[in-house]
Amino acid sequence: VQLQASGGGLVQAGGPLRLSCAASGRTSSSYGMGWFRQAPGKEREFVAGISWSGSTTYYADSVKGRFTISRDDARNTVPLQMNSLKPEDTDVYYCAARPGLRVGVRPDEYDYWGQGTLVTVSS
């Protein structure tokens with residue numbers, strides 16, 4: 001599976017931004033999907049995850065109520081809608097896929113990673 005993240009950019013605090021993760025390759029298999037973020041010198045941090053069926057979602061406490069993860073299997077994309085952005089949301093965001101039905105919340109649970117997309121939130 002190849003993943004391509006896009007949608008990053010510069011946004012003012014309080015504004016919205018929508019990231020997208022496009023999957024290609026063996027997308028017919030069952031994959032849980034996740035979004036992570038990482039700042040320079042820090043560990044990669046879980047942001048949101050969604051199960052293969054889309055019936056289960058998990059969010060980091062820091063983004064709960066502001067971010068929404070979904071999946072469009074017809075287009076093989078996993079959007080991350082980010083609202084009410086804060087300067088502390090500034091990071092490089094990565095999407096990831098893990099074989100199986102469940103959601104993972106740790107980076108080591110994911111086998112496939114896209115390149116990052118930079119989100120910068122100005123105050």
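The values are calculated or read from the model by the stated rules, or taken from the named source; none is laboratory data. All values reported here derive from a predicted model rather than from experimental measurement. Neighbour counts run over all protein chains shown; Cβ positions are idealised from the backbone, glycine included. Surface accessibility is based on the protein's heavy atoms, side chains included, excluding ligands, DNA and RNA. Shrake-Rupley method; radii C 1.70, N 1.55, O 1.52, S 1.80 Å.
Residues in the stretch 48-65 that are at pLDDT 95 or above, open to solvent by 30 Å² or more (accessible area, probe 1.4 Å), of a type outside the set (S, T, Y) and at negative phi: D61, K64.
Return yes or no: is Y93 of a type in the set (S, T, Y) and over 16 Å from L118 (Cα atoms)? It is false that Y93 is of a type in the set (S, T, Y) and over 16 Å from L118 (Cα atoms).
If we scan the stretch 90-98, do we find a residue that is loosely packed, with under 14 Cβ neighbours inside 10 Å and either at pLDDT below 95 or not in a strand (DSSP E or B) (or both)? No, that holds for no residue. Within the set R44, R37, R71, the sole residue that is among the basic types (K, R), open to solvent by 30 Å² or more (accessible area, probe 1.4 Å) and touching a residue at least 40 places away in the same chain (Cβ under 8 Å) turns out to be R44. The requirement of being outside any strand (DSSP E or B), within 16 Å of T27 (Cβ to Cβ), modelled with pLDDT under 95 and basic (K, R) is not satisfied by R102. Restricting the first member to the stretch 99-123 and to residues that are farther than 17 Å from I69 by Cα, and the second to residues that are open to solvent by 80 Å² or more (accessible area, probe 1.4 Å) and not in a loop (DSSP other than H, G, I, E, B), the beta-carbon pairs closer than 6 Å and six or more apart or on different chains are T120/L10; S122/Q12.
Per the conditions (1) at positive phi; (2) open to solvent by 40 Å² or more (accessible area, probe 1.4 Å), the sole criterion not satisfied by A13 is (1).
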